1. Can you list the residues, at least 5 places off or on another chain, whose amide H is less than 5 Å from the amide H of residue 131, using H built in the peptide plane?
2. If the cut-off is a Cα-Cα distance under 20 Å, which lysines reach residue 547, setting aside same-chain residues fewer than 8 apart in sequence?
3. Under the Karplus relation 6.51 cos²θ - 1.76 cosθ + 1.60, θ = phi - 60°, what is the ordered set of whole-Hz ³J(HN,Hα) values for the range 374-387, x standing for Gly and Pro?
4. What translational diffusion coefficient, in µm²/s and rounded to a whole number, does the Stokes-Einstein relation yield for the chain at 25 °C and a viscosity of 0.890 mPa s, taking the hydrodynamic radius as the Kirkwood radius over Cα pairs?
5. Report the trypsin sites (Lys or Arg not before Pro) located in the range 356-463 that are in a DSSP loop and have at most 13 other Cβ atoms inside 10 Å of their Cβ, or state none.
6. Using θ = phi - 60° and the Karplus relation 6.51 cos²θ - 1.76 cosθ + 1.60, list the HN-Hα couplings for the range 423-436 in order, rounded to whole Hz, with x at every Gly or Pro.
7. Of all beta bridges DSSP finds with both residues in the chain, what is the antiparallel percent, to the nearest 5?
8. Could you give the dipole magnitude of the range 297-371 about its Cα centre, charging the beta-carbon of Lys and Arg +1 and that of Asp and Glu -1, in debye to the nearest 20?
Amino acid sequence: MTTQNANLASWVEEVARLTKPDNIHWCDGSEAERERLIEMMLADGTLLKLNEKTYPNCYLHRSNPNDVARVEHLTFVCTPERDDAGPNNHWMAPADAHAKIDALFDGCMKGRTMYVIPYCMGPIDSPYSRCGVEITDSPYVVVNMHLMTRAGSDALKRIEREGTFVKGLHSIGDLDPEKRFIMHFPEELTIKSIGSGYGGNALLGKKCHALRIASWQARQEGWLAEHMLIVGIENPQGEKKYVAAAFPSACGKTNLAMLIPPESHEGWKIWTVGDDIAWMHFDEEGQLRAINPEAGYFGVVPGTNRKTNKNAFDMITHDTIFTNVAVTEDMEPWWEGRKNGTPVIDWKGNKYDPANGPAAHPNSRFTVSAKQNPSYAPEAEDPRGVPISAIIFGGRRASVAPLVYQAKDWEHGVLVGASVASETTAAATGAVGVVRRDPMAMKPFCGYNFGDYWNHWLAMGQRSGKLPQIFHVNWFRQDAGGNFMWPGFGENLRVLRWILDRCENRAAAQETAIGYLPTKDALDTSGLDIDDATLETLLSIDNEEWKTEVAGVREYFESFGDRLPAKLRERLDQVDRDLG
Ligand code: SAT
Ligand code: MN
């Protein structure tokens, strides 16, 4: 196979001249191709077969122990002007970046096969979808891309029809962390990544294309590319509403997207449209509509069990690729929080010894097709996307942030999103549990200056008379003893219900300086084991704490200098004044 698109053909030739692979393979996305690659990876040890009886067609990949998460300090946005990348990104001048990384790509595929993967982000027939081509020397990346995107012949046909695509060049190189870089050239619609075989560093359709490059495109073209799950909530009357929600990596987006209503909520149903990324456009009527650009889930494994996420637990019992989990004696995958079985070999392939830390890596992952999700929404394949009623921002905060509040209007909602802070998780290398500013949960993923990005959000608010309402939630509030105050998981549906009722002016709220909070009776807590004092803390704010929070936001905002939209500063001043 090759292509009729001259631009693509010459790029593939150019890359082959640089990287010098032994073979070039154009991926058609077929089952036969997948089987061949799996056989090959089983033979060379890249994959291990898991228990065929209990986990049919499941495989384990152990990544290099130095290569287990995204590497934000090695991720660059390479715009001609440094200020266009902003203080939120590491920057390198495009010419320097190309020179530096091309030197590493020189000859890096000798003795290897170069795979060319045409892929489509979003339903193949959606006007909102965008295509890309990833070139990689990792067969593990190929099989993951086949699950995570619509990859193969149909995508290639669309590329040939449209003529445009994002170029992603990837090589695992020699996995030397000193020679690892993830570089983005938004103006060239190009990504170059070397030295890592892991997730967000290597599956270029995901964070690199669908967020960093797409956020840049979205600003040019007047839409939004966001780090958000999309979920449909169906009430007992059969009415379905959709919300999009942004949380930092490893804060439970996949769990919320697959939520199972608690027993108290008979007749309610949750439908998953997406668990990580939303591309949102206003339609002709001014309704914001979202598609999920992805076709699969790359989810955190630890903590997944029948109680926390039954849909995910069931979905990953077949046709799943596990990365960096432990195994039991009979070759079942094992992870902390699985609630079943005993690990014998840890994620590094050593005999399990608790003295060496957890058996599964805290950022171990499953890759699985969305079609295996029992709650997968059929309308996730709708080329028009789904209508969004509410946008929810959230962070992981032990204190300060109440369970839920509603922004006063779109502009204030942009402030709420821009002020998101969260405790860091294992999804990126570095310390875990440190509070950092993570506006719109996009800190590691916005492909341009946050100041311009907030301006774009504000401008989007001018484009429609029926904007979604904006909310903030915090499932992770803790008491003095470090216990979570809100039960979370399925019970989060109670909060989603208040949110949807607010969108229809049906639920009570009290106005505070930071927005509208539910009154105690407005939130349905019937049957929950939660005392009055706890509820009071969850549903109120401490003005002094919030003055400190506002000061922190202000200091952060000032780092964006004159790129900070004046409106945002005004709205922050207003909150400050209202706090007294
Ligand atoms: O490694 S990924 O970037 O794909 C996952 C995540 O950080 O959410
Ligand atoms: Mn994510």
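1. For residue 131, the qualifying residues are 121, 166.
2. Correct list for residue 547: 408, 567.
3. Here the 3J(HN,Hα) series is x, 9, 5, 7, x, 6, 5, 9, 5, x, 7, x, 10, x Hz.
4. 101
5. Of the trypsin sites (Lys or Arg not before Pro), the ones in loops of the range 356-463 whose Cβ has at most 13 other Cβ atoms within 10 Å are 463.
6. Once θ is set to phi - 60°, the couplings for the range 423-436 become 7, 5, 10, 7, 5, 10, 5, x, 5, 9, x, 8, 6, 9 Hz.
7. Expressed as a percentage, antiparallel bridges in the chain total about 65.
8. Result for the range 297-371 is approximately 300 debye, rounded to the nearest 20.
The values are calculated or read from the model by the stated rules, or taken from the named source; none is laboratory data. Only a predicted model underlies this, so the values are computations on that prediction, with no experimental measurement involved. All Cβ positions, even for glycine, are placed from backbone atoms using ideal geometry, and neighbour counts span all protein chains on display. Accessible surface is based on the protein model in full, side chains and every heavy atom, while ligands, DNA and RNA are left aside. Shrake-Rupley method; radii C 1.70, N 1.55, O 1.52, S 1.80 Å.
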